[in-house]
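Computed from the coordinates by the stated procedures, all read-outs in this text should not be read as laboratory data. All values derive from a computational prediction rather than experimental measurement. Cβ placement follows ideal geometry from the backbone for every residue including glycine, while neighbour counts extend to all protein chains displayed.
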Amino acid sequence: MSRGIYIIANDKVTEQAIALLESIRLYDADTPVVMIPYDDNYQEIAKVLNESYGVTVYDDLEFIDRLSKQLQQIFGEKFFARPNQFRKQACWFGPFDEFIYIDTDIVVFEKIADTLNYLENADFICCDYQHSQGITNVFTPKALEDKVFNEEDLKDIFNGGFWGSKKQLISEETLYETFRECAAHPEYFDFSQKTSDQPIVNYMILKKIPRRFNIVRRLGGAPGNWAGSKHFQVQGNRLSDPNLNQPLQYLHWAGIRIEPGCPYWEIWEHYRYLNSPKPPQVASTKKSKTLWQQLKDKIKSFS
């Protein structure tokens with residue numbers, strides 16, 4: 001049985017992809033990683049990741065292109081803000097019998113492939129507290145009103161940036177069928193903040209895969225991973241959750257621009273430059289002054 005990791009990337013996210021792969025390879029030199037190109041601009045990042053981390057490109061690019069275009073056309077070409085997000089659905093048909101999908105705005109703090117051990121008793125795994133925030137960015141109240149899902153189902157809402165499953169558990173026809181169901185009822189989905197794939201993928205998993213497991217529900221609990229959580233404590237080059245006295249498995253900057261001054265910038269910076277020289281000034285967290293602040297400073301200079 002083969003196990004591996006999928007990422008989706010293009011040249012635009014080169015810096016993030018390097019940080020992610022540095023963290024993966026620090027704790028795990030062997031688990032294969034396959035990159036799904038986000039678009040046609042991926043040659044540079046593919047070269048860097050292959051030479052430095054052994055990452056290979058998904059071998060059937062025609063299939064990825066056909067799959068994503070057909071999924072997009074079901075809703076209409078202009079419906080989604082980022083339709084290329086659907087390219088990650090190629091994970092179901094790639095080389096790995098068991099796989100984890102990981103967004104590039106993540107760094108990991110352990111041998112993350114070991115997370116796949118949870119698939120011994122489940123067919124789909126995730127690891128986040130998205131469900132605790134309600135149905136925002138996934139469903140609308142209409143989905144509950146029309147009994148598409150019940151309250152128990154909604155406890156399994158997950159963030160689409162980190163999840164794992166098994167090859168062919170979702171067929172190509174199931175994908176098209178699911179999208180057609182969703183396209184017939186767009187009122188059930190929350191696209192208000194320009195999310196693209198997360199509502200549809202949540203619908204598909206909740207409808208088609210009953211054996212689901214969110215790792216944060218394991219015995220003794222598990223920490224969250226969102227970089228917007230302010231209570232994590234830095235321990236060396238990792239983070240821990242003091243509420244559970246447990247180390248984080250990974251950190252996800254979902255919805256947060258990774259730049260100097262952002263939450264846990266020093267953690268991301270550490271992994272990005274783990275094996276390469278850090279450019280001058282890259283670590284500066286000094287924020288630009290607003291126009292009002294500049295005006296006040298000028299007034300003070302005359303007083």
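For the chain, the longest principal axis of the Cα atoms and the long axis of helix 172-183 meet at an angle of about 70 degrees.
A simple spin-label model places pseudo-atoms 7 Å from Cα toward Cβ; at Phe63 and Gln193 they are separated by 3.4 nm. Each part gets one Cα centre, and for segment 2-55 versus segment 115-135 those centres are 23 Å apart.
Between helix 291-302 and the chain there is an angle of about 10 degrees, using the helix long axis and the longest principal axis of the Cα atoms. Applying a DSSP loop filter and a limit of 13 other Cβ atoms within 10 Å to the trypsin sites (Lys or Arg not before Pro) in segment 156-210 leaves Lys194.
Residues of segment 207-223 falling in the label zone of Ser132, defined by backbone nitrogen less than 13 Å from a point 7 Å along Cα to beta-carbon, are 215-218, 221-223. With a Förster radius of 22 Å applied to the C-beta separation of Lys12 and Ala183, the computed FRET efficiency comes to 0.20. Comparing Glu259, Glu177, Glu120 in a Gaussian network model of the chain, where Cα atoms under 10 Å apart are tied by springs, the biggest mean-square fluctuation is seen for Glu120. Of the peptides 64-76, 126-138, the ranking by mean beta-carbon count within 10 Å, highest at the top, reads 126-138, 64-76. Here Ser52 and Lys167 are evaluated by their C-beta separation; at R0 = 25 Å the FRET efficiency comes out at 0.40. If the segment from Glu259 to Lys111 were pulled out straight at 0.36 nm per residue, it would be longer than the present Cα-Cα gap by 50.7 nm. When only the Cβ of Lys, Arg, Asp and Glu is charged (+1, +1, -1, -1), the dipole of the chain relative to its Cα centre reaches about 1240 debye. Per residue, the average separation of C-alpha pairs within less than 8 Å and at least 6 apart gives segment 3-302 a relative contact order of 20 percent. Shown is the FRET efficiency for Leu144 and Lys230, computed with R0 = 45 Å from the Cβ-Cβ distance and rounded to the nearest 0.05: 0.90.
Against the longest principal axis of the chain, how steep is helix 43-53, in degrees 0 to 90 to the nearest 10, with axes from Cα atoms? The two axes meet at around 80 degrees.
In terms of Cα atoms, the Rg and Dmax of segment 3-302 work out to 20.3, 72 Å. Within the listed set Pro279, Pro83, Pro247, the residue fluctuating most in the Gaussian network model of the chain (springs between alpha-carbon atoms under 10 angstrom) is Pro279.
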